[in-house]
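S.K.: Would you mind keeping the following structure in view while I ask a few things?
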Amino acid sequence: MKEWFAYAGKLLRINLSKEKFSIEELNEEDIRAFLGGIGLATKIIFEEVDPRIDPFDENNKLVFMTGALTGTPIPGASRSIVAAKSPLTLAWGEAHFGGFWGPELKKAGYDGIIIEGQAKTPVYIFINNDNIEIRDAGKLWGLTTRETEEAIRKEVNDEKVRIACIGPAGENLVRFAAILSDERVAGRTGMGAVMGSKNLKAIAVRGTNTIKIKNLQLLRRNIARLYPMIMSYPPNQILASYGTNGEMLSFYEYGDVPIKNFTKGTWDGIHKIEGRKIIGNYLKEHKACFACPVGCWKVVKISSGKYAGVEGRAPEYETAASLGALLLNDDPESLIYLERLCNDYGIDTISVGVTIAWAIESYERGLISKEDTNGIELRWGDPELIIRLIEMIAKKEGFGAILGEGCRLASSIIGKGTEKYAMHVKGLEVPMHDPRAFKGMGLQYATSNRGACHLQGTFFRIEQGERIPDLKIYRRVYRFETKDKGWMVAVMEDWHEVLESLGLCKFVQIYPGHVAGFYSLASGIVKRVMDLQRDGERIFNLKRIFNVLAGIVKEDDTLPERFLKEPLEDGGAKGQIVELKVMLKEYYEYRGWNERGIPTKEKLEELGIYELVKRKCDELGVELY
């Protein structure tokens, strides 16, 4: 058996239908081509899952994977991913989370878990190093994520166990249900619903092994030299003090914060819900994920008033924007409560906010009636209404059952022209960065494999003036221009596939050259930046082929009409629209995709995955070329 460094060297495959498990050794060829994390998950799902399958079919597979560097002392090496065909987009699905679950799985001796089949009754998985158990979860079904973690820790009699679980939303197959672990959220694309469809309530992990490092002494010296640079990065100083919502006011100045379902550029309520104000008034403690020097994780507590005693993670920027500015809710204490509520139920705060905004705007325009809402009056700026709707969504009650389908499917159910006000790309609700403020982000939304996503490239950082010479981005990029955005967005998308495959947090901001050095020192597998970048491109293109086989076409690489034709009348992005066509043309040409948006045979051969794709197409009886 090969000796692995950084990697645990094993995958755990669990079939819930048969109540059996097996252990597989890592394939060295796969690791060299796909790294780990999202890369290895992509290879597994592409080979083993029919892209045309119903996401709730038991033959859909749910893959949890740690990154190649997860659990090592490298700053930000805490990340894990979970991937499957998405019930929300009906195409490629993935979500990412930090905390401590991934490092614990690696220390238990596994790089990832492949979940197959469907349990007959609710179960949870308990992994304690070499001991694997599929346990009854009947008493856990219906519990919140917080209650579930407490109950499992009590049952296994170990406070150090790390747990990834779903809440009632996942059990009820809400299409944007999330997976939670210590209030760290794998939020997007409905991975919690896939987990719920398998009657899998939780995966609890305890590991006591050591992760081997090839050159630990030199790695530590390099890490020590890097800490001052990491902490001198201005956004990290904000994150360390106020969390992700600390940047809300600067985003607001750009015209980037979505207001009233992306229809307004200014709003007085912004000053009540931004991070400095919330942290200043309610902070209880600062926390951090594994190996993180920044510590953007903040715990807040309300001491008096309507929500007295509520304690939990401070509202992240995406939550404060989606359940605050997007819905004209300027009550900061309600946002603290809503963050807790969504985390307890296991709900993605981005998708739920955008879906509620669609409903309120459609109601305001007379397209949704009280008959549709079961008598509920929908209105902007009402925190009690938001709370009520979220509870209905989690329980799939009344109008909540429609909202729980996500804004694309909900608008197709209601019809009557409401589709125009559903802010999504490929079925995934648009995050809280208005692409009219950062046009390259618009291109990133349109081309991301999981639908509208701000994290698969974080291109708004480039449009704020960052340069990355290691990736040949040498000049300052103006946010309203379109020239060169095509190739730059593609480069950043590929690099972020690398980060998700290595398990590194994007907030820590380590330059590519350092990342390549860290990977080489930790794993003993020597990679240059250009090697890693090619690996990222390989992963991105394989996901694209999965989506093509799932029915995604060139016409799906678009944005809601609001961003393409309706400029804002005020704010930092006043008068702007996203000129997508010109950027998309350059993007396709750089990618080596044909006029249908499909990677060419030559591109796949260049990336070394043509035979893999051909085998899949032959298996499905599909001819792409």
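The values are calculated or read from the model by the stated rules, or taken from the named source; none is laboratory data. Note that this is a predicted model, so its numbers are computed, not measured. All Cβ positions, even for glycine, are placed from backbone atoms using ideal geometry, and neighbour counts span all protein chains on display. When the accessible area is computed, the model is the full protein with side chains, heavy atoms only, and any ligands, DNA or RNA have been set aside. Shrake-Rupley method; radii C 1.70, N 1.55, O 1.52, S 1.80 Å.
S.K.: Of everything in the range 160-188 that's assigned to a loop (DSSP other than H, G, I, E, B) and closer than 19 Å to Ala204 by Cβ, which residue is most open to solvent (accessible area, probe 1.4 Å)?
M.R.: So the residue we want is Lys160.
S.K.: Something else about it: Anything in the range 560-607 that is basic (Lys, Arg), in contact (Cβ under 8 Å) with a residue 24 or more places away in the chain and surrounded by fewer than 20 Cβ atoms within 10 Å (Cβ to Cβ)? List them, or say none.
M.R.: Answer for the range 560-607, where residues must be basic (Lys, Arg), in contact (Cβ under 8 Å) with a residue 24 or more places away in the chain and surrounded by fewer than 20 Cβ atoms within 10 Å (Cβ to Cβ): Lys574, Lys585, Arg596, Lys601, Lys603.
S.K.: Now a separate question. If you take the residues of the range 127-159 that are in a loop (DSSP other than H, G, I, E, B) and acidic (Asp, Glu), which of them is nearest to Leu16 (Cα to Cα)?
M.R.: It comes out as Asp130.
S.K.: Now a separate question. With (1) closer than 30 Å to Leu378 by Cα; (2) assigned to a helix (DSSP H, G or I) as the list, and Asp330 as the residue in question, which single condition is left unmet?
M.R.: Failing condition for Asp330: (2).
S.K.: For Ile213, all conditions in the list (1) within 20 Å of the chain's Cα centre (by Cα); (2) more than 30 Å from Trp141 (Cβ to Cβ); (3) assigned to a loop (DSSP other than H, G, I, E, B) hold save one; what is the number of the exception?
M.R.: Looking at each condition in turn, Ile213 falls short on (1).
S.K.: Can you name the residue in the range 343-352 that is part of a helix (DSSP H, G or I) and touching a helix residue (DSSP H, G or I) at 6+ places or on another chain (Cβ under 7 Å) and, of all such residues, is nearest to Ala169 (Cα to Cα)?
M.R.: Tyr345
S.K.: Considering each of Tyr233, Tyr242 in turn, give the residue that is surrounded by 15 or more Cβ atoms within 10 Å (Cβ to Cβ) and over 30 Å from Cys165 (Cα atoms). Walk me through how you get there before you give the answer.
M.R.: Details: Tyr242 fails: over 30 Å from Cys165 (Cα atoms).
On inspection, the qualifying residue turns out to be Tyr233.
S.K.: What pairs can you find where one residue is in the range 14-25 and of a type in the set (S, T, N, Q), the other is assigned to a loop (DSSP other than H, G, I, E, B), and their Cβ atoms are less than 6 Å apart, with a gap of 6+ or different chains?
M.R.: Asn15/Gly117; Ser17/Gly117; Ser17/Gln118
S.K.: Among the residues of the range 70-87, are any polar (S, T, N, Q), open to solvent by 10 Å² or more (accessible area, probe 1.4 Å) and out of contact with any His (no Cβ under 8 Å at 6 or more places or on another chain)?
M.R.: no
S.K.: Could you check the range 547-570 and list, in sequence order, the residues that are outside any helix (DSSP H, G or I) and in contact with a Gly (Cβ under 9 Å, 6 or more places away or on another chain)?
M.R.: Ile552, Val553, Asp557, Leu559, Pro567, Leu568, Glu569, Asp570
S.K.: Run Gly309 past the list (1) part of a loop (DSSP other than H, G, I, E, B); (2) in contact with a Pro (Cβ under 8 Å, 6 or more places away or on another chain); (3) of a type outside the set (Ser, Thr, Tyr); (4) open to solvent by 10 Å² or more (accessible area, probe 1.4 Å) and report the number of the one that doesn't hold.
M.R.: So Gly309 meets the others, but not (2).
S.K.: Regarding Asp470, is this residue of a type in the set (Asp, Glu), within 30 Å of Gly295 (Cα to Cα), touching a Phe, Trp or Tyr at 6+ places or on another chain (Cβ under 9 Å) and open to solvent by 20 Å² or more (accessible area, probe 1.4 Å)?
M.R.: Yes: the conditions hold for Asp470.
S.K.: Scan Leu11, Leu90, Leu62 and give me the residue that is open to solvent by 10 Å² or more (accessible area, probe 1.4 Å), within 19 Å of the chain's Cα centre (by Cα), within 29 Å of Lys120 (Cβ to Cβ) and touching a residue at least 60 places away in the same chain (Cβ under 8 Å).
M.R.: The unique qualifying residue is Leu90.
S.K.: Please find, among Lys306, Lys277, Lys287, the residue that is free of Cβ contacts under 8 Å to residues at least 40 places away in the same chain and either under 20 Å from Phe460 (Cβ atoms) or more than 22 Å from the chain's Cα centre (by Cα) (or both).
M.R.: After applying the criteria, what remains is Lys306.
S.K.: What number of residues within the range 383-401 satisfy the criterion of being open to solvent by 10 Å² or more (accessible area, probe 1.4 Å) and either modelled with pLDDT under 95 or small (Gly, Ala, Ser) (or both)?
M.R.: 2
S.K.: Of all residues being open to solvent by 30 Å² or more (accessible area, probe 1.4 Å) and either basic (Lys, Arg) or farther than 19 Å from Asn261 by Cα (or both) in the range 324-344, which is nearest to the chain's Cα centre (by Cα)? Just the residue, please. Explain how you work it out, then say what you get.
M.R.: Going residue by residue through the range 324-344, those that are open to solvent by 30 Å² or more (accessible area, probe 1.4 Å) are 328, 330-331, 333, 337, 340.
Next, only the ones that are either basic (Lys, Arg) or farther than 19 Å from Asn261 by Cα (or both) stay: 333, 337, 340.
Numbers: Glu333: 25, Tyr337: 22, Arg340: 18 Å.
Looking at residues that are open to solvent by 30 Å² or more (accessible area, probe 1.4 Å) and either basic (Lys, Arg) or farther than 19 Å from Asn261 by Cα (or both), I get Arg340.
S.K.: Look at the range 25-56 and say how many of its residues are under 18 Å from Gly503 (Cα atoms), touching a helix residue (DSSP H, G or I) at 6+ places or on another chain (Cβ under 8 Å) and not aliphatic (A, V, I, L, M).
M.R.: 7
S.K.: Those residues that are assigned to a helix (DSSP H, G or I) and among the charged types (D, E, K, R), I need them from the range 40-59; list them, please. Show your work before the answer.
M.R.: So the first thing to find is which residues in the range 40-59 are assigned to a helix (DSSP H, G or I), and the list is 40-48.
Residues satisfying the conditions are Lys43, Glu47, Glu48.
S.K.: Okay, next question. Please work out if Gly404 is open to solvent by less than 10 Å² (accessible area, probe 1.4 Å) and under 29 Å from Ala314 (Cα atoms).
M.R.: yes
S.K.: Go through (1) hydrophobic (A, V, I, L, M, F, W, C); (2) under 30 Å from Glu149 (Cβ atoms); (3) open to solvent by 10 Å² or more (accessible area, probe 1.4 Å) and name the single condition Trp380 misses.
M.R.: Tallying (1) hydrophobic (A, V, I, L, M, F, W, C); (2) under 30 Å from Glu149 (Cβ atoms); (3) open to solvent by 10 Å² or more (accessible area, probe 1.4 Å), Trp380 fails exactly one: (2).
S.K.: Is it the case that Thr355 is among the polar types (S, T, N, Q) and not in a helix (DSSP H, G or I)?
M.R.: Values: among the polar types (S, T, N, Q): yes; not in a helix (DSSP H, G or I): no.
So Thr355 does not fit the description; no.
S.K.: Could you check the range 109-120 and list, in sequence order, the residues that are touching a strand residue (DSSP E or B) at 6+ places or on another chain (Cβ under 7 Å) and either buried (at least 23 other Cβ atoms within 10 Å of the Cβ) or assigned to a loop (DSSP other than H, G, I, E, B) (or both)?
M.R.: Kept after step one, since they are touching a strand residue (DSSP E or B) at 6+ places or on another chain (Cβ under 7 Å), are these residues of the range 109-120: 109-117, 119.
Matches in the range 109-120: Gly109, Tyr110, Asp111, Gly112, Ile113, Ile115, Gly117, Ala119.
For every residue, the table says whether it meets (1) more than 24 Å from the chain's Cα centre (by Cα); (2) in a helix (DSSP H, G or I).
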| position | (1), (2) |
| --- | --- |
| Phe540 | no, yes |
| Ile545 | no, yes |
| Gly572 | yes, no |
| Val578 | no, no |
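S.K.: Identify, from the list Ala95, Ala68, the residue that is assigned to a strand (DSSP E or B), touching a residue at least 12 places away in the same chain (Cβ under 8 Å) and either out of contact with any strand residue (DSSP E or B) (no Cβ under 9 Å at 6 or more places or on another chain) or under 24 Å from Ile347 (Cα atoms) (or both).
M.R.: Of Ala95, Ala68, the one residue that is assigned to a strand (DSSP E or B), touching a residue at least 12 places away in the same chain (Cβ under 8 Å) and either out of contact with any strand residue (DSSP E or B) (no Cβ under 9 Å at 6 or more places or on another chain) or under 24 Å from Ile347 (Cα atoms) (or both) is Ala95.
S.K.: To continue, here is another question. Answer yes if at least one residue in the range 67-74 is modelled with pLDDT of 95 or more and closer than 30 Å to Arg615 by Cα, and no otherwise. Working first, answer last.
M.R.: To start, the set of residues in the range 67-74 that are modelled with pLDDT of 95 or more comprises 67-74.
Within this subset, residues satisfying the condition of being closer than 30 Å to Arg615 by Cα are 67-68.
Yes; the residues of the range 67-74 include at least one that is modelled with pLDDT of 95 or more and closer than 30 Å to Arg615 by Cα.
S.K.: Among residues belonging to the range 415-442 that are without any contact (Cβ under 8 Å) to a residue 60 or more places away in the chain and either among the charged types (D, E, K, R) or in contact with a helix residue (DSSP H, G or I) (Cβ under 7 Å, 6 or more places away or on another chain) (or both), point out the one that is most open to solvent (accessible area, probe 1.4 Å).
M.R.: Result: Lys416.
S.K.: Tell me which helices (runs of 4 or more DSSP H) are completely within the range 435-529 and hold 3 or more residues being of a type in the set (Val, Ile, Thr), or say none if there are none. Break it down into steps so the answer makes sense when it comes.
M.R.: Values: elements: 439-447, 459-463, 485-502, 512-523.
Where helices (runs of 4 or more DSSP H) fall fully within the range 435-529 and carry at least 3 residues being of a type in the set (Val, Ile, Thr), they are 485-502.
Conditions tested, residue by residue: (1) surrounded by 15 or more Cβ atoms within 10 Å (Cβ to Cβ); (2) more than 24 Å from Gly608 (Cα to Cα); (3) at pLDDT 95 or above.
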residue: Tyr7; (1), (2), (3): yes, no, yes
residue: Phe21; (1), (2), (3): yes, yes, yes
residue: Arg32; (1), (2), (3): no, no, yes
residue: Gly36; (1), (2), (3): yes, no, yes
residue: Leu40; (1), (2), (3): yes, no, yes
residue: Val49; (1), (2), (3): yes, no, yes
